[in-house]
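Scroll down for the structure; my scribbles are underneath it.
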Amino acid sequence: MLLQRRFEEKVAEAYALGKIGGFCHLYIGQEAVGTGAISVLREDDYVVTSYRDHGQALARGVTPRAVMAELFGRSDGCSKGKGGSMHLFDRNTNFLGGHGIVGGHIPLATGVAFAIKYRGGDQVCLCFFGEAAVNNGAFHEALNMAALWKLPVIYVIENNRYGMGTALERASAINDIAERACSYDMPNEVVDGQDVFVVREAIARAVTRARKEHTPTLLEMRTYRFMGHSMSDAVSGTYRTKEELEEHMKRDPIMVLRGQMEEMGDWNDESMTAMDKEVREVVEDSWNFADNSPEPSGDALYEDVLVDTTSDAVESAAVAGD
């Protein structure tokens, strides 16, 4: 979680200096959700997420160097410099994006779960999205299919209360979004998304159901983003007040975790200082690596565009499980 926080702070600095272009959405304040959820997964499980994907990529094991290089648009990035902030992708860790269309990736995650069941595997697919995506028709179509066919997918709503600048109560007829799963007879929970241990426990229950029963689950993580929707959005003063932000920052997930560890006797100020120093060095290294990484060549425009559909290639992909 601390790595995610320091990494995102550095990303904000790089964006301000013009080293990162395009849209950029930071994960600051929501670290407990991605960390707690992904910590439950096995290496052969899958993660599909939205455009606020930096922190989740790091939690999944994509290296800080590969993520930062991608944000800088360099060929050593996890998407070879072609994806940028919103389209991180790493096959080595089964991190399947990073998707820019709100809710558009929910059916994709459902398709991954279908492939798992079709092949007779016991992996699961974890799908992250914001609360604004639940008003998208694709959300309902995907949940209905997953429930009908009993697919091993876990839908994680990161409810940070705002879809860009629109508050939840202005966009949803109900406040407990998890209740939407009742339409599909799907297990669901509302979870404290600022407590990494609570998140982990809820995900663990859902993963067990998915592996043993191929039953999907909808989890609503109540969280809060401390930054604007994107780098072009004010932190406060437009659709939310400074006072509201300060109130939510009292439950900073990193500080919540620190308090819990101090109570258990596993943490102190010296431990925090040492870890913070180590994390900052890792993040600084990722910056230097990205800054010195080459830009993609012109020929890269024509790479990874078409799938090789020759019989040998298809057979090879099937054997490899691709």
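The values are calculated or read from the model by the stated rules, or taken from the named source; none is laboratory data. None of the values given here were measured: they were computed from a predicted structure. For neighbour counting, all protein chains shown are included, and Cβ atoms are generated from backbone atoms with ideal geometry for every residue, glycine included.
Against the criterion of being of a type outside the set (A, V, I, L, M, F, W, C), within 30 Å of residue 227 (Cα to Cα) and surrounded by fewer than 22 Cβ atoms within 10 Å (Cβ to Cβ), residue 144 does not qualify.
Per-residue answers, yes or no, for (1) in contact with a Phe, Trp or Tyr (Cβ under 8 Å, 6 or more places away or on another chain); (2) assigned to a helix (DSSP H, G or I); (3) surrounded by fewer than 24 Cβ atoms within 10 Å (Cβ to Cβ):
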{"position": "33", "(1), (2), (3)": "yes, yes, no"}
{"position": "36", "(1), (2), (3)": "yes, yes, no"}
{"position": "47", "(1), (2), (3)": "yes, no, no"}
{"position": "55", "(1), (2), (3)": "yes, yes, no"}
{"position": "67", "(1), (2), (3)": "yes, yes, no"}
{"position": "73", "(1), (2), (3)": "no, no, yes"}
{"position": "83", "(1), (2), (3)": "yes, no, yes"}
{"position": "109", "(1), (2), (3)": "yes, yes, no"}
{"position": "114", "(1), (2), (3)": "yes, yes, yes"}
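Could you tell me whether region 11-32 includes any residue that is farther than 19 Å from residue 252 by Cα and among the acidic types (Asp, Glu)? Yes, there is a match, as at least one residue in region 11-32 is farther than 19 Å from residue 252 by Cα and among the acidic types (Asp, Glu). No other residue among 264, 231, 272 is loosely packed, with under 14 Cβ neighbours inside 10 Å, at pLDDT below 95 and not polar (S, T, N, Q) apart from 264. The residues of region 217-271 that are of a type in the set (Gly, Ala, Ser) and within 28 Å of residue 125 (Cα to Cα) amount to a single one, 230. The residues of region 116-133 that are aliphatic (A, V, I, L, M), buried (at least 24 other Cβ atoms within 10 Å of the Cβ) and within 14 Å of residue 215 (Cβ to Cβ) amount to a single one, 124. Among residues of region 274-295 that are under 17 Å from residue 21 (Cβ atoms), those with a beta-carbon under 8 Å from a residue that is part of a helix (DSSP H, G or I) and not β-branched (Val, Ile, Thr) at least six positions away or on a different chain give the pairs 287/10; 287/14; 287/68; 290/65; 290/68; 290/69; 290/71; 293/69. The numbered conditions (1) within 17 Å of the chain's Cα centre (by Cα); (2) at pLDDT below 95; (3) of a type in the set (Lys, Arg) are all true for residue 200 except (2).
Number of residues in region 208-253 that are out of contact with any strand residue (DSSP E or B) (no Cβ under 7 Å at 6 or more places or on another chain), over 24 Å from residue 86 (Cα atoms), in contact (Cβ under 8 Å) with a residue 40 or more places away in the chain and hydrophobic (A, V, I, L, M, F, W, C) equals 1. Candidates in region 147-169 are the residues that are over 15 Å from residue 104 (Cα atoms), crowded, with 24+ Cβ neighbours inside 10 Å and among the β-branched types (Val, Ile, Thr); of these, the one that is farthest from the chain's Cα centre (by Cα) is 153. Considering 203, 157, the condition of being out of contact with any His (no Cβ under 9 Å at 6 or more places or on another chain), among the β-branched types (Val, Ile, Thr) and either without any contact (Cβ under 8 Å) to a residue 60 or more places away in the chain or part of a strand (DSSP E or B) (or both) is satisfied by 157 alone.
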